[in-house]
Amino acid sequence: MILHKNNTFYLQGKTYSYVMRVNEWGYLEHLHFGAPVGEDDLGYLAAARELSFAPVPPDAKIFSLDTSPQEYAGYGQGDFRTPSAMYTRSDGGIASRFRYAGYALGGELPQGLPAARGGELLTIYLEDACAKVRIALFYAVFDAVLVRWAKIEAGERISIKRAYSFSVDLPAGDYGTLVLHGRHAAERTPEKRPLGHGALSVGSRRGASSHQMNPFLALYAQGAGEETGEVYGFELLYSGSFTLVAERSQTETVRIAGGVDDTNFSWQLGVGEAFYTPQVALCYTNSGFGGMSRALADFLRSSVIAEKYLHMPRPIVANNWEATYFDFDRGKLLALIDAAAPLGVDTFVLDDGWFGKRDSDTTGLGDWYVNLKKLEGGLAPLVARCKAHGMRFGIWFEPEMVSEDSDLYRAHPDYAIGRAPRCTGRNQYILDFSRPEVVECVYAQVAAILRAHEISYVKWDMNRHMTEFFSEGLPAARQGELQHRYMLGVYALARRLTEDFPEVFFEGCSGGGGRFDAGMLAYFPQIWTSDNTDSLSRAGIQWGTSYAYPVSAMSCHVSACPNHQTGRVTPFSSRGHIASLGATGYELDLGKLTEKEREAVRAQIAAYRRVAALVQTGDLYRLLDPFTGNYFAEMLVAKDKKTAYVVGMTVHAVPADFPRRIRLAGLDGAKKYRVEELGLTCGGGTLMHAGLPLPSLGDCATWAWHLVAEA
């Protein structure tokens, strides 16, 4: 609900209130973001007070922007904290001071960017007292999430240096921060730390949201746990370079802000032109990190990921990459399809190496035509063999990249970002998707393959980060626009392909989990979580990912042992159990399995199909943290509380171990549940408060429990 009353705006979700007011000097101030409150006059929370040496705007007396809890902060007019927007005017000046200029119910979505569906919309207009610039702040009110974004519109020529999506000033408190950091094959490791004075800034300058830092930040009251305490979550719907800042000021208040990273960023606006920022989801809960995660997961599933995927069964795939790498021909692939079909796999995915002259990672990217020397008869025999088995066929693309040794690069070296000599990554360059003609060239090639063959699944990869930051298609004054224009081009291609081929299921990937973000989920309902498929590593990676994303978005595969990334040997059952906490599949040569292992695959797939609805729509409860202890456990609970699924792992065997308990969560305390594997029936309250004995197992061994409520 949105209410405007006495110069105050009340934005009321089911689990939060967000309150702003226009103060007596015409500035928009933030009053409250937290637990639901009534429609009281909260102006007393922002009462003006003097602060030594604080600058005072020319239209005020004791009011200072440096102590005001601002809703969107200008620069150079007395507020020395993180500004929300910065731009240079035609006279070279950069100071800005934003004053309230009206509001309207409704709003407009950010052009060319991913956007959440639905929500009750509000637009608040600000005008710069120092320049002919108008800023529209947009708010979309959902049950448990508030979505914000902004538009900067020029009434004179300006050069934008910063355009954050949001800023919110929270009252003084003892806060901590949670970020998800990592690297390739070790993505989204949770890190909690107290928030000290000054600014904590996290982000990416890589042209992608990155393996190294996810576009998510949580702020929490000290003492908050999994299911108790106040937690704020901030998640960008953006896949490019980004910044998120948490800044504790001299008065102990905390400003959270962020959006497009402004390192080497600029954007030229002429009179009447506008710049849209990406959306950001803001979440508040007093139910701990678990409450935040479940709120964000529900929001992403219901309002960001395409609606058709909410209940659609996910493909159970067999991917040939770790089975063959580049060393395959038609015979090998047909054998892999034949081996997968009797096990219950429903989709075979042909990974890298099927196109151009692609026998290694040094050639061929950009040439999206079938290598007929390598694949006799092209893709048609593979598709036909899949259909004969009642399976579907999928294929790998890396649309944003080009090899120096490729027909495309030889014809259009200017299509690559930068000028020679360029840095390479994985022996490849990045195509300049800031140029529409480059996007069109790639679209034509990919679309031709999809039209010519019965393809039901596409894995979209992106295997290097941006360097040089130069476009042959942009004039000197606009080179700072490259990174954001590149992302607009990526989104344009993703939007066009998913709309033109609605029958194709698209999965995102970026060297594994290097672009796992809410922006990509607007086009791809699941993302390859990490190139690291080791079950112990994946337990941690999937745990960290779950803070900000639903398990339904995680692509999780069973792979061979010794694992190709870590060399670790783990039980086949462990690999299946951990993979079942996401969209499951297989990343190994199924033809080399023993008969016992083939039976295990059949059983795993049947078991996964049983819990698939829980994976797609259930509530996640994190029970045992592998980063702080010797055990991992997660639990999925149906919305109606009638079924639940628990998966746990022992990291290291404990000699002469003593009895331990695990407490379950999320159940209905008034219901009785049958724990099938234990032959035990207990009340939900008993399972949550007294718990169950923790199994005593060997290294990296797992267990799974299915719970069913009695009628």
- For region 312-528, what value does the Rg/Rh ratio take when both radii are computed over Cα atoms and Rh is the Kirkwood radius, given to two decimals? 0.97
- Note on the structure: Residue-normalised 222 nm signal for the chain, counting each DSSP H run of n ≥ 4 as -39,500 (n - 2.57), nearest 500 deg cm²/dmol, is -5500 deg cm²/dmol
- Message: Given bins 5 angstrom wide, list per bin the percent of all Cα-Cα distances in region 547-630, short to long.
- Response: 3, 13, 21, 24, 18, 14, 6, 1
- Sequence neighbours fewer than 8 away in the same chain don't count; with that in mind, list the lysines whose C-alpha is under 25 Å from K596. K332
- Give the residues of region 610-640 whose amide nitrogen is closer than 13 Å to a point set 7 Å from the Cα of K672 in the direction of its Cβ. none
- Label 7 Å along Cα→Cβ of E454; region 354-387 residues with amide nitrogen under 17 Å? 378-387
- Within the P(r) computed for region 503-581, what percentage of the Cα pairs occupies the region above 16 Å? 48 percent
- Which one of G629, G225, H32 is farthest out on the positive end of the charge dipole of the chain, using unit charges on Cβ (Lys, Arg +1; Asp, Glu -1) and the Cα centre as origin? G629
- Message: Please compute the volume of the convex hull spanned by the alpha-carbon atoms of region 623-709 and report it per residue in Å³.
- Response: 86 Å³
- Out of T277, H453, L109 - ranked by how far each Cα lies towards the positive end of the dipole of the chain, with unit charges on the beta-carbon of charged residues - the top one is H453
- For region 312-528, what is the charge dipole size about the Cα centre, in debye to the nearest 20, if Lys and Arg each add +1 at the Cβ and Asp and Glu each add -1 at the Cβ? 140 debye
- When N counts the residues of region 199-330, how does its alpha-carbon radius of gyration compare numerically with 2.2 N^0.38 Å, as a ratio? 1.40
- Item | Kirkwood Rh in Å, taken over all unlike Cα pairs in region 2-304 | 19.4 Å
- Provide the per-residue ³J(HN,Hα) series for region 442-455, in order, calculated from phi with Karplus coefficients 6.51, -1.76, 1.60 and θ = phi - 60°, each as a whole number of Hz, with x at glycine and proline positions. 5, 4, 4, 5, 5, 4, 4, 5, 5, 6, 7, 9, 7, 10
- Among beta bridges assigned by DSSP with both residues in region 312-528, the antiparallel ones amount in percent, to the nearest 5, to 20 percent
- Query: Between T686 and A172, what is the spin-label point distance in nm, taking each point 7 Å from the Cα along the Cα→C-beta axis?
  - Reply: 5.1 nm
- Amide H contacts of G229 (H built 1.01 Å from N, under 5 Å, at least 5 apart or other chain): G288
- For R183 paired with Y443, estimate the spin-label separation in nm (one decimal), with each label point 7 Å from Cα along the Cα-to-Cβ line. 3.9 nm
- Query: How big is the Cα convex hull of region 484-524 in projection, averaged over all directions, in nm²?
  - Reply: 3.0 nm²
- Positive-end residue, the chain charge dipole about Cα centroid, Cβ charges, pick of S159, Q542, V615: V615
- Note on the structure: A correct Karplus calculation of ³J(HN,Hα) over region 104-113, with 6.51 cos²θ - 1.76 cosθ + 1.60, θ = phi - 60°, whole Hz and x for Gly and Pro, returns 8, 6, x, x, 10, 7, x, 5, x, 10
- Please work out how much length the chain gains when fully extended from H389 to L310, using 0.36 nm per residue of separation minus the C-alpha to C-alpha distance, in nm with one decimal. 25.8 nm
- Straight-distance crosslink candidates among aspartates and glutamates, where the alpha carbon sits under 13 Å from K671 and sequence neighbours closer than 8 are dropped: D640, E710
- Item | Rounded to the nearest 20 debye, dipole of the chain from Cβ charges on Lys, Arg, Asp, Glu | 700 debye
- Query: Can you list the equivalent-ellipsoid semi-axes of region 1-149, largest first and in whole Å, using the square root of 5 times each Cα gyration tensor eigenvalue?
  - Reply: 26, 21, 12
- Subtracting the Cα-Cα distance from 0.36 nm times the residue separation, let me have the gained length for Q250 to R609 in nm, one decimal. 123.8 nm
- Message: In whole Hz and in residue order, list the ³J(HN,Hα) couplings for region 313-324 that follow from phi through the Karplus curve 6.51 cos²θ - 1.76 cosθ + 1.60, θ = phi - 60°; x for Gly and Pro.
- Response: x, 7, x, 9, 9, 10, 9, 7, 4, 6, 7, 10
- Task: Over all alpha-carbon pairs in region 15-92, figure out the percentage whose distance exceeds 16 Å.
- Result: 56 percent
- Message: Considering all alpha-carbon pairs of the chain, what whole percent are spaced by more than 42 angstrom?
- Response: 30 percent
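FYI, it's all coordinate maths here, none of it is from the lab. Predicted model, so just to flag it, every value in this text is computed and none were measured. Neighbour counts run over all protein chains shown; Cβ positions are idealised from the backbone, glycine included.
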